[in-house]
Structure formats: structure tokens, C-alpha cells
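A short reminder: the numbers here are calculations on the coordinates, not readings from a lab. Worth saying up front: this structure is predicted, and the values here are computed from it rather than measured. With ideal geometry, Cβ positions are generated from the backbone for all residues, glycine too; neighbour counts draw on all protein chains shown.
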Amino acid sequence: MVKISNTKLDKKSAKSLKTKFIFISGGVISGIGKGITSASIGAILKSKGYKVSAVKVDMYLNQDAGTIRPQEHGEVFVTVDGIETDQDLGHYERFIGEPIYKHNYVTTGQIYAEVLRKERAFEYEGEDVEAIPHVTDEIIRRWEVAGKNYDFCLVELGGTVGEYQNGIFFEATRIMKLRDPYSVLHIHVAYLPIPSYLGEMKSKPVQQSVRVLNSMGIEPDIIVGRSSVPIDERRKERVALFCNVDKTCVLSNPDVSSIYEVPVILEQQKAGEIILEKFGIKPKKQDLKEWKKLVQTIKTIKKEVKIAVVGKYFGVGKFQLSDSYVSVIESIKHAAWANKVRPVLTFIDSVEVEKKGAKDVLQGFHGIVVPGGFGKRGTEGMIKTIEYARVNKVPYLGLCYGMQMATIEFARNVAGLKGSNTTEVDEDSAHPVIHIMPDQEKKLLNREYGATMRLGAWDCVLARKTKAEQCYVAGGVIKASGKALISERHRHRYEFNNAYLEQLTSAGLIVSGTSPDGNLVEIIEVKDHPFFVGSQFHPEFQSRPLLPHPLFSGFMKAVVKK
Ligand code: GLN
């Protein structure tokens with residue numbers, strides 16, 4: 001056990017208490033990886049034998065992430081129970097290895113919507129409805145629902161401390177601690193810059209952001225310092241002294257080449273033991289073995305494979321971002337590492353393929369992925385990309401829009417259905433091989449956009465002796481005989497048009513998965529190709545660093561062979 005001189009919690013009382021809440025706030029700048037830090041702490045606590053859940057708080061008035069542009073907010077991650085959330089929930093699932101549910105995503109919009117609903121329903125029985133306690137109580141209620149039946153519930157507070165927008169959530173953490181001091185811990189993740197003209201790491205910004213926390217009545221128990229290089233002892237001492245924590249509680253979280261190193265780095269500094277010690281709890285087991293092995297693999301593999309991800313949400317001003325496809329990118333990495341290769345990813349805007357032609361842009365790649373998307377822009381480039389992959393036998397994996405575009409490509413270029421398209425792009429298409437799902441049409445007409453797509457986990461039955469089936473058997477998800485039932489996460493309004501099923505399959509398209517009633521085509525593939533599979537669902541939401549997704553694994557095996 002590490003010795004902590006300023007343990008603030010009373011260990012004896014702590015033992016009897018239920019779920020422990022660990023709040024994680026950010027300071028100095030945004031985008032410092034609070035999500036990864038939270039997820040890593042989750043992985044550490046789980047490795048010690050505890051049940052861990054994690055919540056993300058977003059300060060937007062949006063009720064979920066479904067109505068926010070990907071370039072604005074990054075990927076929309078979809079949970080099993082079908083809520084469209086922030087990408088950080090994806091990190092939680094990947095690191096903790098457990099599904100995260102609806103209640104684990106909290107936005108200001110949800111809170112206000114519920115408080116206003118209650119007010120209209122006279123549920124406050126004539127009281128003044130106020131930010132405190134009514135809004136804070138609703139926030140706390142949601143956190144408690146998310147934490148129920150778990151030993152630990154991590155709550156990542158979106159934004160940076162001191163912002164006007166997220167203050168009410170900090171206030172809720174303060175109230176929670178006041179009510180139950182032994183169940184609440186606060187971790188502050190803040191940035192220590194090294195200005196190039198000084199060449200020296202500065203701790204003052206962290207001190208100041210902790211001051212802001214203090215002014216809200218919050219004293220952090222642990223400070224995680226983010227920086228480009230590890231924080232030295234001298235700076236740890238400064239932070240400890242000025243921020244009122246023990247030096248052991250100042251943890252260094254430097255930039256690393258792989259995010260999966262973070263649990264190992266934090267655990268080297270005894271993060272797990274410190275947290276448990278603060279709550280007066282003993283570790284049940286201690287085991288980050290598999291993570292350490294993974295980090296070792298990531299660091300040592302040499303052989304490279306070049307993968308092109310051809311999508312449409314990369315550009316933001318002068319910068320190219322890959323945030324819109326985090327889960328896709330991570331899934332490719334998981335599968336590559338499991339196959340002992342290092343993935344070199346290139347992000348290509350499909351519009352570039354339209355301008356320069358597929359050959360110019362795509363030559364030399366060992367594998368091509370077309371991820372999800374919406375709307376017209378860039379779709380012809382995706383179709384050109386897919387044609388290139390099919391004709392040149394480059395392993396191809398199409399995810400949602402990538403599957404729909406592959407269907408269109410096949411219809412146009414193999415089945416000879418000129419003018420094929422999705423009605424999402426061309427309502428008057430000569431051959432609408434992809435069309436809107438019947439129940440979705442009404443929703444769009446009524447402008448019911450929020451949370452109305454086909455969302456969350458749905459079952460799919462695989463056809464035996466197909467590439468897809470082989471992948472799931474190899475991945476141990478289904479047995480080689482018997483019912484081939486899988487469950488995958490969805491987010492779409494359009495689907496394969498069954499009026500073209502006969503024509504397309506007789507031209508050689510293989511339908512390797514459908515919904516259990518057989519009505520919805522879930523997976524397509526083509527013959528005589530090393531790997532050409534498109535799924536209506538998003539396999540990327542269920543890939544884990546320690547357990548890659550079968551379709552990504554199958555794709556990667558073909559890539560490696562190439
Ligand atoms: N735009 C398509 C649809 O709504 C695909 C969605 C996606 O790629 N997630 O069906």
C-alpha cells in the first residue's frame with residue numbers, strides 16, 4: 001500500500017458504503033484526454049476485481065449526440081440500448097470491456113428536459129423550481145442510476161473547469177460529496193505546458209485551475225498532469241504543495257504513442273492503490289498483465305500494413321481530424337495488433353477520389369475501409385473507391401454507408417443497373433437499390449430527427465459458408481454449426497431494397513446476413529475476392545483492444561496475406 005499523508009476520507013465509514021463516485025474534471029485546456037484518463041482508471045479498477053461503470057457528462061443542450069455534426073463533435077458512439085453518445089463512451093467500453101448503457105450519457109439538455117417536464121406535470125407540487133436543488137438533484141439522480149449495482153462509477157465532467165456552461169455539474173458533485181463524503185473522490189486532469197521559448201515545464205496553469213475548483217468548494221483528491229513529457233519530481237512537488245494534495249497523488253500522464261499505454265503508466269504510479277486507499281478499500285486482485293502484453297506488442301511489431309480509410313468527415317478548417325471515426329480507427333488497430341502488424345492509416349476524403357480518380361489516390365494500399373456517413377457529398381468518390389477495391393482485389397470492409405455504397409457499386413457495375421443509387425442521394429434514382437425504411441419516411445416528413453434512426457443492438461442471422469460467417473466462427477462468437485445468431489449495433493434510416501434482391505444475388509452478390517425475419521439485409525459480400533464484406537451495422541462499436549471484432553480480424557487477415 002502507498003502511504004498517503006492527507007487521506008481525507010474516513011476509512012472505517014467508507015467500507016460500509018455502496019457505489020463510490022469518482023469525478024474527473026479537466027483544467028487549463030480542452031482536449032487533453034480526460035476520456036482516456038477516465039477509461040484507463042476504469043481499466044485499472046476493473047483489474048483489481050471491481051465492477052466499474054463510467055458516465056460522460058456533456059454540457060450541450062442537445063439531448064444526445066445524434067443531432068451534432070461529426071466534424072463538430074467527433075464520432076457518434078451508439079450503445080447497445082441505442083443512445084447516440086459522445087465518443088468517450090466508446091473509450092470506456094474499450095478500456096473497461098463492458099457495455100455502457102443509456103444512463104451513462106448525461107447532457108444538460110436531458111436534465112433540463114426532465115426538470116421542465118416535471119414542472120409541467122406538477123411533480124414539484126407548487127415549489128419554486130430552481131437550479132439548486134432541482135437541477136442538481138436531477139443530475140445526481142441520473143448519476144446514481146448509472147452507478148447502481150457497480151462498485152465504482154466514474155463520471156467525466158465535459159469541458160474545462162471554470163466554464164459557465166458546466167458549472168452546475170460541478171455544483172452537483174459538491175453537493176453529492178457534502179451528502180456522502182466517503183463515497184466521492186475528485187480527480188483533476190490538467191495540462192502542464194512547456195513553452196518553446198522557455199523549454200521548461202510550467203505548473204502554474206494547473207495551480208490556477210485547481211484554484212478555480214477550490215472557488216467552487218471542490219478540493220481535488222488526485223491530480224493527473226498531462227504534458228508532452230513525464231512530469232519530474234520537482235514539478236510534482238510544486239503541484240502537490242500549491243494544490244493541497246500529497247505528492248503521491250500527483251500523477252504524470254505524458255503523451256504516448258498508443259492510448260492503451262495509459263493504464264499501465266498510471267498503474268506504475270499506483271493510481272489504483274491510491275484510489276482504493278482513499279476509499280479505504282483493499283484490492284481484490286492485481287492484474288494488468290494483458291494490457292502490459294498488448295503495450296509490448298504495440299511497441300515491438302515492425303511489419304507494416306497500409307490501410308486507407310475513405311470517408312467524408314475529415315476536414316475542419318485547415319486541419320484534418322480523424323475524430324469522426326475513432327471507433328473505426330481503433331478497431332483497425334486492434335485487429336492489426338492481433339495479427340502482429342502495425343497499421344499505417346491514411347485518411348482520405350472521398351471527394352479527392354472523385355477529383356483525382358481511384359487509381360491515383362488508392363494505389364499501394366493493402367486494405368480499404370469505407371465507414372459510415374450521411375448525405376450526398378462524396379458518395380461518388382466512395383463508389384469509385386469500392387469499384388477499385390473490388391476489381392483490384394484489395395481487401396474491403398464497408399461499414400453502414402460503406403455497405404450501402406458497395407451495394408450501389410455492384411448494382412451499377414456488375415448487375416448492369418445503370419443509375420442505381422440510394423434515395424438518400426437521389427430520390428428519383430432509376431434503381432433505388434438502397435431506400436428509406438418504411439417507418440423512417442414518416443419521421444423525416446414530421447422532422448422527427450432526434451433519436452429516431454434504427455438504433456442500438458439488433459440481431460442478425462448469418463448464412464453458413466460465407467466470409468462473414470467464417471469470421472464470426474473464427475472469433476468464437478458463434479459455433480461452426482447450429483444457429484448463427486449475432487447481435488450488432490446500428491444507426492441508419494436507409495436499407496437494402498428487397499425489390500432488387502433477386503436481381504443482385506443472381507448477378508453474384510452474396511447476402512451473408514439478414515435480420516431474423518429475413519427482411520433486412522445486414523451483410524453483403526462478393527465472390528472470388530480475398531475479402532469484400534459490407535455490413536449495415538457498425539462492428540466498430542464492439543471491437544476491444546484485447547478482443548478485436550471478427551469482421552475487422554477477417555479483413556486484417558486478408559490484408560496481411562496481401
Ligand atoms: N446514411 C445511411 C443511412 O442512414 C447510412 C448511415 C450510417 O452510415 N451510419 O442509412
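The amide H of Phe537, built 1.01 Å from its N in the peptide plane, has Cys400 as neighbours under 5 Å, considering only residues 5 or more places off or on other chains. Annotation: extensible slack from Thr505 through Arg544 equals 10.7 nm (criterion: 0.36 nm per residue apart, minus Cα-Cα distance). Amide H contacts under 5 Å for Val55: Leu154, Val155, Glu156, restricted to partners 5 or more places along the chain or on a different chain, H placed in the peptide plane at 1.01 Å from N. When only the Cβ of Lys, Arg, Asp and Glu is charged (+1, +1, -1, -1), the dipole of region 44-176 relative to its Cα centre reaches about 540 debye. For Lys359, the aspartates and glutamates whose Cα comes closer than 17 Å to its Cα, not counting residues fewer than 8 places off in the same chain, are Asp349, Glu380, Glu387, Glu409.
If the segment from Val145 to Val129 were pulled out straight at 0.36 nm per residue, it would be longer than the present Cα-Cα gap by 3.6 nm. By the equivalent-ellipsoid construction on the alpha carbon gyration tensor, region 490-562 comes out with semi-axes of 24, 18, 8 Å, ordered largest to smallest. Computed over the alpha-carbon pairs of region 157-203, the distance histogram in 10 Å steps reads 22, 35, 25, 14, 4 percent, short to long. Gain on full extension, evaluated as 0.36 nm per residue between Met216 and Thr67 minus their Cα-Cα distance, stands at 50.5 nm.
Shown for region 276-337: lysine pairs separated by 8 or more places, or found on different chains, whose C-alpha atoms are under 20 Å apart, numbering 13.
For region 366-450, the list of trypsin sites (Lys or Arg not before Pro) that fall in a loop by DSSP and count at most 16 other C-beta atoms within 10 angstrom reads Lys376, Arg377, Lys393, Lys418, Arg447.
Excluding same-chain neighbours fewer than eight residues apart, the aspartates and glutamates reachable from Lys467 by a Cα-Cα span under 15 Å are Glu522, Glu525, Asp528. Cα centroid separation, region 51-88 to region 206-241: 28 Å. Taking the square roots of 5 times each eigenvalue of the Cα gyration tensor of region 74-156, largest first, gives ellipsoid semi-axes of 28, 14, 10 Å. In the chain, the DSSP beta bridges split such that about 30 percent are antiparallel, to the nearest 5. Normalised radius of gyration (Cα atoms, divided by 2.2 N^0.38 Å) for region 312-405: 1.05. If R0 is taken as 35 Å, the Cβ-Cβ distance between Lys293 and Thr452 corresponds to a FRET efficiency of 0.25. Any idea which of Ser350, Thr136, Pro193 is furthest toward the positive side of the dipole for the chain, if Lys and Arg beta-carbons carry +1 and Asp and Glu beta-carbons -1? Of the candidates, Pro193 comes out farthest on the positive side.
Of the chymotrypsin sites (Phe, Trp or Tyr not before Pro) found in region 420-473, the ones in coil according to DSSP and having at most 15 other Cβ atoms within 10 Å of their Cβ are Tyr449. Rg ratio for region 206-309: its Cα radius of gyration over 2.2 N^0.38 Å, N being its residue count, equals 1.32. In this label model, Asn392 and Arg234 are separated by 5.4 nm, measuring between points 7 Å along each Cα→Cβ vector. Each listed q (0.29 Å⁻¹) maps to a log10 I(q)/I(0) for region 190-236 from the Debye sum over equal C-alpha point scatterers, namely -1.12.
Backbone amide hydrogens, once placed in the peptide plane, bring Ile100 within less than 5 Å of Val80, excluding anything fewer than 5 places away on its chain. Taken about its Cα centre, the chain carries a charge dipole of about 2440 debye when Lys and Arg each add +1 at the Cβ and Asp and Glu each add -1 at the Cβ. For the Cα trace of the chain, dividing Rg by the Kirkwood Rh returns an Rg/Rh value of 0.99.
Toward the positive end of the charge dipole of the chain, about the Cα centre and with charges on Cβ (Lys, Arg +1; Asp, Glu -1), which of Thr422, Gln269, Gln536 goes farthest? Checking the options against the dipole of the chain, the answer is Gln269.
Our helix-only sum for the chain, with -39,500 (n - 2.57) per DSSP H run of n ≥ 4 divided by its residues, gives a mean residue ellipticity at 222 nm of -10500 deg cm²/dmol. With the highest mean first, a sort of the peptides 36-43, 276-283, 553-560, 434-441 on other beta-carbon atoms found within 10 angstrom per residue produces 36-43, 553-560, 276-283, 434-441.
Sort 473-480, 534-541 for me by packing, meaning the mean count of neighbouring Cβ atoms within 10 Å per residue, highest on top. Please report the intermediate quantities before stating the final value.
Numbers: 473-480: 14.0, 534-541: 27.8.
Descending packing order for the listed peptides: 534-541, 473-480.
So what's the gap between the Cα centers of region 332-408 and region 139-167, to the nearest angstrom? Cα centres, region 332-408 to region 139-167: 38 Å. For region 103-197, the Cβ-based charge dipole about the Cα centre amounts to some 300 debye (Lys, Arg positive; Asp, Glu negative; other atoms uncharged).
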